Amino acid sequence: MNLTKREQCRRERERQRMSKENFGIVKVWEATVRKSQAIAKKRTAMSVAHADDDEPGPGQVYDEKVLSNGDFYTGQWVDNVPSGHGKYLWTDGCMYVGEWHRGKTSGKGKFSWPSGATYEGEFKNGFMDGKATYTSSSGDTYKGSWVTNLKHGQGTKSFSNGDYYEGEWRRGLQDGHGRYQWKNGNHYIGHWRNGCMYGNGTMIWSNGNRYDGSWEDGLPKGNGTFRWADGSFYVGIWSKDGKEQNGTYYPSGNSNGNLDWDPQEVYAVDLNDCKICPGEKVLIFPSQKMLNWPGICGKGCDGNVRPKRVSVDGKVSNCCWENGEAGSFNGLEGLGNLQLEGSVKKGNGTQQLRLKPVKKQGLTISKGHKNYELMLNLQLGIRHSVGRPAPMTTLDLKASAFDPKEKVWTKFPPEGSKYTPPHQSSDFRWKDYCPVVFRTLRKLFKVDPADYMISICGNDALRELSSPGKSGSFFYLTNDDRYMIKTMKKAEVKVFLRMLPAYYNHVRAFENTLVTKFYGLHCVKLTGATQKKVRFVIMGNLFCSEYAIHRRFDLKGSSHGRTTDKPEAEIDPTTTLKDLDLNYIFRLQKVWFQELCRQVDRDCDFLEHERIMDYSLLVGLHFRETSCRGSLTPSSRMSGENGDPDKEGATRLSSADMDQLLFDPTRWASIKLGINMPARAERTVRRSDWDPQLVGEPTGELYEVNIFFGIIDILQDYDISKKLEHAYKSMQYDPTSISAVDPKQYSKRFRDFIFRVFLEDT
């Protein structure tokens, strides 16, 4: 039906009014951003380029969208999502101008914060990634490489206080070879680790003095030489602990020098003006500001589009489009703490896995719990052990430190004593096994004593796992999930103390070892008629991660009894599945697969030499791809089938991106062997339920995952009980299918199985 001329005029006026309103909104926001940046400019006396100075390229068609939460986008659209060049303004003052791809910042662009900070350079999948320049609100300027929001690779940083660094970065900190120059003229050239001078390096002071030698945690440590401008020098072993300092002073040929000079002056005086400037941290990243555009996440389960946004303070809030309604959504960018619930068939025959939220493991030990007093005793003992003054330890330990008789008993009366505080628990005694060794292990594993004490002994109670393990041991988790505490039998303690020297040498030699990290071995002896002793070991929790663990497997490489007793309906992410439950193989990129093969061989050689068997590979999977309905869909299919990974709106790294990330060492941002490793999990199926096939046949269905794994239960030696178990079960079952076998045979079978489950991704 034709519109009347009056109706046409009315609509034209309405369109012009809306356009003016949108234009006014944009101008107000731009003025707000400019004002905040001008304030920051005056405060820091620096020049800040505005993100909105960039003009769109010629020939591009733009549209404008106003979100009901107040955000505004203007730029090019494809399939109802930003693609091409565009500008996005957040109501809190953040602004991005640059290239977009499928609703994500990808390509070159500029992001500005209301504080005045700016990032200008390359983006990928919403992350600051590539070559770029970041200027903080305080005036620090970094120019160089970024990987997933972190400075990583080669880069230079000019600090606002006049300091300057040029060299290698890793995970946001100076790491590798680099040069740092202070504003007073002093400079250091050498190796770095985690933002500190570490390894071989040279410090040159502006007065001509210099130190050449070893460094540790930002201070001279080990062999080194201090030289004066007049030619005299001091050679020796360096340590901040004066008792460990040892060396010889050599005066120059034309002077007597200062024979009374104390090397500790280097620590107390010379290095005072050589503090590393920490710089300013980014509080909110552009990737945390990105929305779930309709074309990316699809519609909500009730048909409404429900993206989420993150404010400057990091809080998540709901927002909707102009014609939508506010509502909830399953996690930022379609991801969240999700778990596998089951599977359903899709129309194309592929598996779609249903997901639901993951809950914390264990029951909090509160007052009235049967083990409440034991927990108090444990926390009191740990606080005493870690907080007790001790001499500075060196990594080169004496044999006497490993003596099983090297243990310390401490009494803890309720009223307190000279060395212990009063407490509400009953009277008990506390024993530390080989305290020097475990203190050194914690140092070797880079565990901060204060953080360690707070995790275990802080205000938060421990959590007890619902049931003891097969060995009868109980397990406890710290509230932050960083540490696991396991009760031990006397026989296990003996095995551990026997192999402790070899264990220490092994973990010291191989930084990427997969064997369990142990932090302490203790015993609580209760007084009274029972005289009960509870021995326990403190270990690292392999699954302590920002990522939810959706599936976990305990793999030995044997088949007898290696299935879960639970019915399918009761299996959840906290269920530990076994060999015959495994329905995946894991494809790793070449560099990681080769490192895995090397390290598994080293670790198995160590365990075989120590006569250890019955250990397992604990594997945890975090599935990276989920749709907005909380389901998981294969990212691709092999064997000639062409799946479309974008149909479900999953945002993921392409194969090319993954190759670049894993083959280029400068891009290894936050992963290491067994921790947070990107991989592809391929579904497998067994030929039949009655065929004890350990590894099923690949189906070609691939899922993008972050994988965690490590070797656990390494304290079972092949003693007489295991030999009898082997003899008894061999008469009833296939000897190759049972767990209790000779360590050499166990090691070979374990390796063969692991190298069938883990493959190189070709």
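The values are calculated or read from the model by the stated rules, or taken from the named source; none is laboratory data. A quick note: this is a predicted structure, and the numbers were derived from the prediction, not measured. With ideal geometry, Cβ positions are generated from the backbone for all residues, glycine too; neighbour counts draw on all protein chains shown. Remember, those area values only see protein heavy atoms, side chains included, never the ligands or the DNA or RNA. Shrake-Rupley method; radii C 1.70, N 1.55, O 1.52, S 1.80 Å.
Ordering M488, M453 from largest to smallest accessible area (1.4 angstrom probe), what's the sequence?
Details: M488 20, M453 45 Å².
Solvent-accessible surface, decreasing: M453, M488.
Going by a ≥ b ≥ c, the root eigenvalues of the Cα gyration tensor, does segment 381-509 fall in the rounded group (a/c under 1.5), the prolate group (a/b larger than b/c) or the oblate group? Taking the square roots of the gyration eigenvalues as a ≥ b ≥ c, segment 381-509 is rounded. The HN-Hα couplings worked out from phi for segment 574-586 by the Karplus form 6.51 cos²θ - 1.76 cosθ + 1.60 (θ = phi - 60°) are 8, 6, 8, 7, 10, 3, 6, 8, 5, 10, 9, 10, 10 Hz, whole numbers, x standing for Gly and Pro. Whole angstrom only: what separates the Cα centroid of segment 370-398 from the Cα centroid of segment 496-562? Between the Cα centres of segment 370-398 and segment 496-562 lies a distance of 17 Å. The slack between S68 and R611, meaning 0.36 nm per residue of separation minus the straight C-alpha distance, is 188.8 nm.
Extension gain, I284 to D241: 0.36 nm times the residue separation minus the Cα-Cα distance gives 11.4 nm. An oblate overall shape is assigned to segment 501-587, the ratio a/c of its alpha-carbon gyration tensor axes (a ≥ b ≥ c) being 1.5 or greater and a/b not exceeding b/c.
Ranked from largest to smallest solvent-accessible area, with a 1.4 Å probe on the protein heavy atoms, S206, S473 come out as S206, S473. Here r is the Cβ-Cβ distance between T564 and N223 and R0 is 41 Å; the resulting FRET efficiency, rounded to 0.05, is 0.15. Estimated at the nearest 10 Å², the accessible area of I189 is 70 Å² with a 1.4 Å probe.
Rounded, prolate or oblate: pick one for segment 440-520, where a ≥ b ≥ c are the square roots of the eigenvalues of its C-alpha gyration tensor, a/c under 1.5 means rounded, and failing that, prolate if a/b is larger than b/c, else oblate.
On the way: a/c = 2.17, a/b = 1.16, b/c = 1.87.
Since a/c reaches 1.5 but b/c is at least a/b, the shape of segment 440-520 is classed as oblate.
The 3J(HN,Hα) values that the Karplus relation (6.51, -1.76, 1.60; θ = phi - 60°) gives for segment 77-93 are, in residue order, 10, 9, 6, 6, 9, x, 8, x, 9, x, 10, 10, 10, 8, 5, 7, x Hz. Gly and Pro appear as x.
The string of couplings for segment 148-161 from the Karplus curve (6.51, -1.76, 1.60, θ = phi - 60°) is 6, 6, 10, 5, 7, x, 7, x, 10, 9, 9, 8, 5, 8 Hz, one whole number per residue in order, with x for Gly and Pro. Between amide H atoms placed 1.01 Å from N, distances below 5 Å from F428 occur with F412, all of them 5 or more places distant or on a separate chain.
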